[in-house]
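Enquirer: Quick one: structure below, then a few questions.
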Amino acid sequence: MVPRADRSAVLADGDHELILLGTGAACGVPSLFCSCPACLEARREPGYARTRCAALVRGRKNVLVDAPPDLRAQLLAAGIGQIDGFILTHGHYDHSGGLADLEFDVRVNGRDPIPSYLSRQSEERIQQAFGFMTDCLAVSVIDGREQFVIDDVLYTALEVTHAPGTFGLLITTERGRTAYIPDTGPLPATTIEAIRGVDNLILGACFWAENPMPEDHLTVSDAVRIAQDIGPGALYLTHLSMHFAVPVTNRELESYLEPFGPSYQAAYDGISIRI
Ligand SMILES: [Zn+2]
Ligand SMILES: [Zn+2]
């Protein structure tokens, strides 16, 4: 069973960590109504379960990337007391379905609206779904490859191939560069160039063996091939479906990645990466 991250450590001033709160694709693992080998493995060994994709950049402030339907449980598990900034990569349900839980942080605690960065398309989508609480967000619209700074961290929006208005992130700290791209198909050349040689590449690898949606999702082997081109210090695969369309167990995935060395790994929920 994979270990859970230890978040008791206090960060030195100016240091940042990226916590992957969730590393599963839209259905999560185990998935409801499924008893494939991957879902059975995750039911047997909860360390192999994966909630939907979200990340948290933790320094002096807590910056949340995406708000999946599992958000409440993820923030409780990570011991996060408040959210100081919010970035939405796109409005799909698996990345935004838990957004309304942020309402309580703002209204109940009497806090200012949360500075939030999202595309015009995502803004329209959350306005439809969560119009009752969007006044809890102070929205800056991201339109293209924009940059913004929160807590001494520079965020650069990266073009991806997914639903219109989706972006990935290049996260630059004093210590290094990290690309967080949870949901994408083949990467545009501009993005490949922007992230060449990053210290950490966290890349969506939705499918195993077969790709039912090749325009806007990658397989594990696609993601590995991209990593070999980019040459990151470390590769973490995320947004792992595991059970769809061809199931793969963690054990099979780990042995597939083994020949690439210890810097290539399947991320798991709660993993902390120094950035
Ligand atoms: Zn997704
Ligand atoms: Zn998506």
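Readers should treat all values here as calculations from the given coordinates under stated rules, not as data from a laboratory. Since this is a predicted model, take the numbers as computed values, not measurements. Virtual Cβ from ideal backbone geometry, glycine too; neighbours counted across all protein chains shown.
Enquirer: Is it the case, given these coordinates, that I83 is surrounded by fewer than 24 Cβ atoms within 10 Å (Cβ to Cβ), touching a strand residue (DSSP E or B) at 6+ places or on another chain (Cβ under 9 Å), on the phi < 0 side of the Ramachandran plot and among the β-branched types (V, I, T)?
Expert: Working: surrounded by fewer than 24 Cβ atoms within 10 Å (Cβ to Cβ): yes; touching a strand residue (DSSP E or B) at 6+ places or on another chain (Cβ under 9 Å): yes; on the phi < 0 side of the Ramachandran plot: yes; among the β-branched types (V, I, T): yes.
The answer is yes for I83.
Enquirer: Another question, if that's okay. Any idea which residue in the range 159-190 is surrounded by the most Cβ atoms within 10 Å (Cβ to Cβ), counting only those that are assigned to a strand (DSSP E or B) and away from ligand 1 (no atom under 16 Å from the Cβ)?
Expert: Our first condition is that a residue be assigned to a strand (DSSP E or B); within the range 159-190, this holds for 159, 167-172, 177-181.
With away from ligand 1 (no atom under 16 Å from the Cβ) added as a condition, the list becomes 159, 170-172, 177-179.
Numbers: E159: 17, L170: 20, I171: 26, T172: 20, R177: 21, T178: 28, A179: 24.
Of everything passing the filter in the range 159-190, T178 is surrounded by the most Cβ atoms within 10 Å (Cβ to Cβ).
Enquirer: Please go through the range 67-76 and pick out each residue that is closer than 20 Å to F167 by Cβ, in a loop (DSSP other than H, G, I, E, B) and more than 11 Å from ligand 2 (Cβ to nearest atom).
Expert: Filtering the range 67-76 down to residues closer than 20 Å to F167 by Cβ leaves 67-68, 71.
From the residues that got through so far, the ones that are in a loop (DSSP other than H, G, I, E, B) too are 67-68.
Correct list: A67 only.
Enquirer: Considering only residues that are more than 25 Å from R274 (Cβ to Cβ) and of a type in the set (D, E, K, R), look in the range 194-232 and name the one that is farthest from ligand 2 (Cβ to nearest atom).
Expert: R225
Enquirer: Which one of G81, G91 is away from ligand 1 (no atom under 16 Å from the Cβ), within 23 Å of I171 (Cα to Cα) and part of a loop (DSSP other than H, G, I, E, B)? Steps first, please.
Expert: Numbers: G91 fails: away from ligand 1 (no atom under 16 Å from the Cβ).
Of G81, G91, the one residue that is away from ligand 1 (no atom under 16 Å from the Cβ), within 23 Å of I171 (Cα to Cα) and part of a loop (DSSP other than H, G, I, E, B) is G81.
Enquirer: Next question. Failed condition for S255, given (1) of a type in the set (S, T, N, Q); (2) free of Cβ contacts under 8 Å to residues at least 12 places away in the same chain; (3) within 14 Å of ligand 1 (Cβ to nearest atom), with all others met?
Expert: (3) is the only condition that S255 fails.
Enquirer: Inspect the range 137-154 for any residue being in contact with a Pro (Cβ under 9 Å, 6 or more places away or on another chain), within 16 Å of ligand 1 (Cβ to nearest atom), over 20 Å from R60 (Cβ atoms) and not aromatic (F, W, Y) and give the result as yes or no.
Expert: no
Enquirer: Among the residues of the range 77-125, write down those that are of a type in the set (D, E) and away from ligand 2 (no atom under 15 Å from the Cβ). Talk me through it step by step, then tell me what you get.
Expert: Of all residues in the range 77-125, those of a type in the set (D, E) come to 84, 94, 101, 103, 105, 112, 123-124.
Of everything in the range 77-125, those that are of a type in the set (D, E) and away from ligand 2 (no atom under 15 Å from the Cβ) turn out to be D84, D101, E103, D105, D112, E123, E124.
Enquirer: So, one more: Look at the range 194-216 and say how many of its residues are touching a Gly at 6+ places or on another chain (Cβ under 6 Å) and either within 16 Å of ligand 1 (Cβ to nearest atom) or under 20 Å from T51 (Cα atoms) (or both). Give the steps one after another, and end with the answer.
Expert: Just the residues of the range 194-216 that are touching a Gly at 6+ places or on another chain (Cβ under 6 Å), to begin with: 197, 199, 215-216.
Now drop any that are not either within 16 Å of ligand 1 (Cβ to nearest atom) or under 20 Å from T51 (Cα atoms) (or both), which leaves 215-216.
Within the range 194-216, residues that are touching a Gly at 6+ places or on another chain (Cβ under 6 Å) and either within 16 Å of ligand 1 (Cβ to nearest atom) or under 20 Å from T51 (Cα atoms) (or both) number 2.
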